[in-house]
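Written out below as structure tokens is the structure these notes cover.
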Amino acid sequence: MIPLSLPNIAGNEAKYVQECLETGWISTAGDYVTKFEENFSNWIRSDSAVSTMNGTAALHLSMLVAGIKQDDLVVMPNVTFVASANAIRYVGAEPVLIDIDVDSWQMDLNLLESFLHHECYFGTDGSLYHKDKKKKVAAVLIVHVQGHMCDFDKLQEICSRFSLPLIEDAAEALGSSYDGKYAGTLGMIGCYSFNGNKIMSTGGGGMVISKNSELISKIRHLATTAKTNPMTYFHDEVGYNYRMVNILAAIGVAQLENLDSFINRKKEIASFYEKELDGIGDIVFQKSHHKVKPNNWLFTISTSRMKDLLVHLNSQNIMSRPFWMPMNQLPMYKECIFCNENDISNIVHSHCLSIPCSTNITSDELEIVVQSIKDFF
Ligand SMILES: *Cc1c(COP(=O)(O)O)cnc(C)c1O
């Protein structure tokens, strides 16, 4: 079986984990947690960072410190991994789902603008409200789908015009950039995931960054059960146990040492596929805005014969999988506002599939994948 996207554990992971085991520092306290946060901040050129047990926890904490409250509305793309929408629900808020752009598969900014302009109004308190629901529109949660990004200048202009804080779900976009600036560093808060299939992995893990170090301190506080005094067990609010453990941070420090090479390898894989599959059948690739440099995390193609190609590849032991089900098609979110003209989400969902692109895939395996797709068409 040629796997879809596996972690690449070829560096100092074992050495650093061994050190945790030998010293007994395996839990939430320990030098590797601090080191991972510092090294990550340096790599991404951010001022402060706090690690979490996974990307979903990072998103949840971001919603809390961004002040999203019960019954608020948070605008997000309709196509993403379900965790983005769940994080909004965890704080009692409601997602507003915006359809995606047919070429880039990112949130359609024209639909976003039209929703804010036509369906919302500024209240006397200066906040934005939805006309029908009379609920406050509290933030935009942008997702960098498949490590690509939207026209960020335009997004930022829209958010500032409507006074909306911008939170980035950069779980798939570690190392992607817009106009030379890294995904996750452009909004008020950026969230990352180090789940097994992501471009770098700690097994499970996440990170939150922000230029505003006060927000990061708040997140650190909430993630550590809101404990203000470890000697007296005094907690000043309802907190969470969301911290990353030292043993996983040790893996993170080692993974980060190889992140540049992972990104380079993903780029090589994407270039190879784009060269070899260009013009084969009706295959179309995900398109990028000209200012975006994607991290090419998960190579995904679009074809009208997606379902058959999926069966064909998997029967040949080439792991491939379809795109996520759009949020508006999931039972928990089907009642949410879904802004769309032609339900592009559903078209993309019924046309796209991801093909093997682990950083340690061999060139022979890449040839096998390409040949199998050519044979199919
Ligand atoms: C992976 C992912 C997450 C969640 O991260 P976990 O670490 O798995 O909790 C959130 N959003 C997006 C877009 C993702 O791809």
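Considering each residue of the range 84-103 in turn, at least one proves to be outside any loop (DSSP other than H, G, I, E, B), charged (D, E, K, R) and away from the ligand (no atom under 14 Å from the Cβ). Taking first residues from the range 50-63 that are closer than 18 Å to THR34 by Cα and partners that are more than 8 Å from the ligand (Cβ to nearest atom) and of a type in the set (Asp, Glu), the Cβ contacts under 6 Å between residues at least 6 apart in sequence or on separate chains come to SER51/GLU37. The residues in the range 341-377 that are in a helix (DSSP H, G or I) and closer than 30 Å to ASP260 by Cβ can be counted, and the count is 9.
Counting only residues that are in a helix (DSSP H, G or I) and open to solvent by less than 10 Å² (accessible area, probe 1.4 Å), the range 230-249 holds 2 of them. Just one of the numbered conditions (1) outside any strand (DSSP E or B); (2) away from the ligand (no atom under 15 Å from the Cβ); (3) surrounded by 23 or more Cβ atoms within 10 Å (Cβ to Cβ) is not true of GLU113: (3). Mind checking whether some residue in the range 160-178 is over 13 Å from the mean Cα position of the chain (by Cα), outside any strand (DSSP E or B) and acidic (Asp, Glu)? Scanning the range 160-178 turns up no residue that is over 13 Å from the mean Cα position of the chain (by Cα), outside any strand (DSSP E or B) and acidic (Asp, Glu).
Return the residues of the range 96-126 that are farther than 21 Å from HIS148 by Cβ and in contact with a Cys (Cβ under 6 Å, 6 or more places away or on another chain); say none if nothing qualifies. Answer for the range 96-126, where residues must be farther than 21 Å from HIS148 by Cβ and in contact with a Cys (Cβ under 6 Å, 6 or more places away or on another chain): just PHE115.
Have a look at GLY252, GLY203, GLY196 and point out the one that is modelled with pLDDT of 95 or more, part of a loop (DSSP other than H, G, I, E, B) and out of contact with any strand residue (DSSP E or B) (no Cβ under 7 Å at 6 or more places or on another chain). One residue alone meets the criteria, GLY203. Within the range 210-222, is there a residue that is closer than 21 Å to LYS266 by Cβ and open to solvent by 30 Å² or more (accessible area, probe 1.4 Å)? Checked against the condition, which is being closer than 21 Å to LYS266 by Cβ and open to solvent by 30 Å² or more (accessible area, probe 1.4 Å), the range 210-222 yields no hits at all. Looking only at the range 222-229, decide whether some residue is touching a residue at least 12 places away in the same chain (Cβ under 8 Å), more than 12 Å from the ligand (Cβ to nearest atom) and assigned to a loop (DSSP other than H, G, I, E, B). There is at least one residue in the range 222-229 that is touching a residue at least 12 places away in the same chain (Cβ under 8 Å), more than 12 Å from the ligand (Cβ to nearest atom) and assigned to a loop (DSSP other than H, G, I, E, B). Against the test of being farther than 30 Å from ASN264 by Cβ and open to solvent by 50 Å² or more (accessible area, probe 1.4 Å), the options ARG45, ARG89 yield a single qualifying residue, ARG89. Scanning the range 123-139 for residues that are under 22 Å from MET188 (Cα atoms), free of Cβ contacts under 8 Å to residues at least 40 places away in the same chain and surrounded by 11 or more Cβ atoms within 10 Å (Cβ to Cβ) yields SER127, LEU128, TYR129.
Among the residues of the range 14-27, are any within 23 Å of ALA138 (Cβ to Cβ) and either part of a helix (DSSP H, G or I) or within 12 Å of the ligand (Cβ to nearest atom) (or both)? No, that holds for no residue.
The residue of the range 168-220 that is nearest to LEU248 (Cα to Cα), among those that are more than 10 Å from the ligand (Cβ to nearest atom) and of a type in the set (Phe, Trp, Tyr), is TYR182.
Remark: ALA173 falls outside the filter, which requires a residue to be in contact with a Leu (Cβ under 9 Å, 6 or more places away or on another chain) and buried (at least 24 other Cβ atoms within 10 Å of the Cβ).
The values are calculated or read from the model by the stated rules, or taken from the named source; none is laboratory data. The structure presented is a predicted model; accordingly, all values stated were derived computationally and were not measured. No Cβ is skipped: glycine too gets one built from the backbone with ideal geometry, and neighbour counts run over all protein chains shown. All accessible areas refer to the heavy atoms of the entire protein, side chains included, with ligands and DNA or RNA removed. Shrake-Rupley method; radii C 1.70, N 1.55, O 1.52, S 1.80 Å.
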